[in-house]
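First the structure, in the form of C-alpha cells, and then the observations on it.
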Amino acid sequence: MANTVLDKPAVLASDLIKKCLRVNKLPHIWCPGCGHGILMRAVAQAIENKGLDKDKVCIVSGIGCSSRAAGYMDYNTLHTAHGRALAFATGIKLAKPELHVIVISGDGDATAIGGNHFIHAARRNIGITCIVFNNSIYGMTGGQYSPLTPVNDLATTAPYGNIERAFDLMKLADACGATYAARVTTYHVRESIKLIEKALSNKGFSLIEGISECPTYYGRKNKKGTAVQIMEWVRDNSIDIKKAKAEGMTAEYLKGKLIIGEFKNVVEPEYTEEYQKILDRVR
Ligand SMILES: Cc1ncc(C[n+]2csc(CCOP(=O)(O)OP(=O)(O)O)c2C)c(N)n1
Ligand code: SF4
C-alpha cells in the first residue's frame, strides 16, 4: 500500500497541512466535532496521492460552513455565491479544460439553491469532481432543513419534524447522468480518500457525497449526542453497497442503514472534449 499520511500520521500529517493548506488562514471557523475538516483533509490527501500539480487544481465553493474549505486549501480557489459553485466551475472547466476542477459544496448549497446547476452539470457530464459535504442541515445559517434532511428529523424550520422526503443523492446523480458516484463518511477515512481519488480519475462529472457531522445544529436538534456518538452511529449502521449486493440484502433489511461506497463508475463522452470537437470542426 502507498505510504500515505494516514500510515504515518504524526509526521506526515503536518507535512500535508504545510503543503496543502493556507496555514495563515488558520485557525478555521468550524465548531469542535464538525466533520467538514475531516472531509477537507481527505480531499487534500486524495489530490496528493494522485500526484496532481497544485497549479493545475482549482477548487470552487459556494457559501456555507462546508464552502469555507476552499479558503483554507492552498490551490487555485474561488469562494463564490451560495448555490453557484457549479456554475462558476463550469465556466472555468470550459475555459481551461486542462485543470482538475473540484467543487466543494454543502447539502443546501448543492441540492437546494444550487439544485438546478447540479442536475445540468451531471447531465452534461462535464469534467468536474463535485464533493458534497452532507451534514443533513444548513449549518452556517443556524440549522434549517435542506433537501437532504431525513423525513421526521428536526430543524429550526421544522420544529415538529420535517415532512419533505430527502433526495437520495446517489440516485439523483445517476438519473441526471453523472458518470461517477460514491458515498463516503468521515468515519471511513481511508476508503473516502480512495474513492475521492477514483472520482478525480474519472473524466466526466463525478459526485462524492461525504456524510459529515454537524453536532452544533443537526446533532443537538435531533438529540444525536456528541460528535463521537454520531460517528459511532455511522460506524455501526453503514453497509457497503458491494456487500449489500453480494449478500442480497433486501430493501426492508437496509431501511434506516447508511449505504456507502461506489455506486456508479462508467465512461461516457465528456462535455469539454465534445465541445472541442465542435471547435475543431468549425474553425
Ligand atoms: C443567495 C443566498 N441565499 C442565502 C444565503 C444564506 N446562506 C448562507 S450559507 C447557507 C446554507 C448553508 O448550508 P449548506 O449549504 O448545507 O452548508 P453547511 O453550512 O451546512 O456546510 C445559506 C442559506 C446566501 N449566503 N446567499
Ligand atoms: S455549525 Fe455545524 S456545519 Fe457549521 S461549523 Fe458548526 S458543526 Fe460544522
What are the residues in the range 238-274 that are polar (S, T, N, Q), surrounded by 11 or more Cβ atoms within 10 Å (Cβ to Cβ) and either farther than 24 Å from Glu98 by Cα or more than 23 Å from the chain's Cα centre (by Cα) (or both), if any?
Ser238
Here are Ala87, Ala46: which of them is touching a residue at least 24 places away in the same chain (Cβ under 8 Å) and touching a Leu at 6+ places or on another chain (Cβ under 9 Å)?
Ala46
Scanning the range 81-121 residue by residue, those under 23 Å from Pro147 (Cα atoms), open to solvent by 20 Å² or more (accessible area, probe 1.4 Å) and not in a helix (DSSP H, G or I) turn out to be Ala81, His82, Arg84
Within the bounds of the range 234-241, is there any residue that is in contact (Cβ under 8 Å) with a residue 40 or more places away in the chain, farther than 20 Å from Lys198 by Cβ, more than 16 Å from ligand 2 (Cβ to nearest atom) and not in a strand (DSSP E or B)?
yes
Could you tell me which numbered condition Gly139 fails, if it satisfies all but one of (1) in contact with a Gly (Cβ under 6 Å, 6 or more places away or on another chain); (2) buried (at least 20 other Cβ atoms within 10 Å of the Cβ); (3) of a type outside the set (A, V, I, L, M)?
(1)
Inside the range 151-168, the number of residues satisfying the requirement of being open to solvent by less than 50 Å² (accessible area, probe 1.4 Å), of a type outside the set (Asp, Glu) and assigned to a loop (DSSP other than H, G, I, E, B) is 3
Does any residue of the range 169-186 turn out to be buried (at least 22 other Cβ atoms within 10 Å of the Cβ), in a loop (DSSP other than H, G, I, E, B), more than 16 Å from ligand 2 (Cβ to nearest atom) and not basic (Lys, Arg)?
yes
Looking only at the range 58-76, count every residue that is more than 16 Å from the chain's Cα centre (by Cα) and in a strand (DSSP E or B) and tell me the total.
1
State yes or no: is Phe133 in contact (Cβ under 8 Å) with a residue 60 or more places away in the chain and surrounded by 17 or more Cβ atoms within 10 Å (Cβ to Cβ)?
yes
Name every residue in the range 211-230 that is within 12 Å of Asn135 (Cα to Cα) and either more than 16 Å from ligand 2 (Cβ to nearest atom) or in a helix (DSSP H, G or I) (or both), in order of residue number.
Pro215, Thr216, Tyr217, Tyr218, Gly219, Ala227, Ile230
Cys130, sole failed condition from (1) within 16 Å of ligand 2 (Cβ to nearest atom); (2) over 19 Å from Leu258 (Cβ atoms); (3) outside any helix (DSSP H, G or I):
(1)
For residues in the range 14-33 being more than 16 Å from ligand 1 (Cβ to nearest atom) and without any contact (Cβ under 8 Å) to a residue 40 or more places away in the chain, which is least open to solvent (accessible area, probe 1.4 Å)?
Leu16
Would you confirm, using the coordinates I've provided, whether Ala199 is open to solvent by less than 30 Å² (accessible area, probe 1.4 Å), in a helix (DSSP H, G or I) and more than 24 Å from Met40 (Cβ to Cβ)?
no
Filtered residues of the range 34-47 (kept if open to solvent by 10 Å² or more (accessible area, probe 1.4 Å) and either in a helix (DSSP H, G or I) or more than 14 Å from ligand 1 (Cβ to nearest atom) (or both))
Gly37, Ile38, Met40, Arg41
If you check every pair at least six apart or on different chains, which have Cβ atoms under 6 Å apart with a residue in the range 49-71 that is polar (S, T, N, Q) first and a residue that is within 9 Å of ligand 1 (Cβ to nearest atom) and open to solvent by less than 30 Å² (accessible area, probe 1.4 Å) second?
Ser61/Ser67; Ser66/His36; Ser66/Gly106; Ser66/Phe133
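The values are calculated or read from the model by the stated rules, or taken from the named source; none is laboratory data. None of these values were measured; they are calculated from a predicted model. Virtual Cβ from ideal backbone geometry, glycine too; neighbours counted across all protein chains shown. Ligands, DNA and RNA are excluded from the accessible area calculation, which covers all protein heavy atoms including side chains. Shrake-Rupley method; radii C 1.70, N 1.55, O 1.52, S 1.80 Å.
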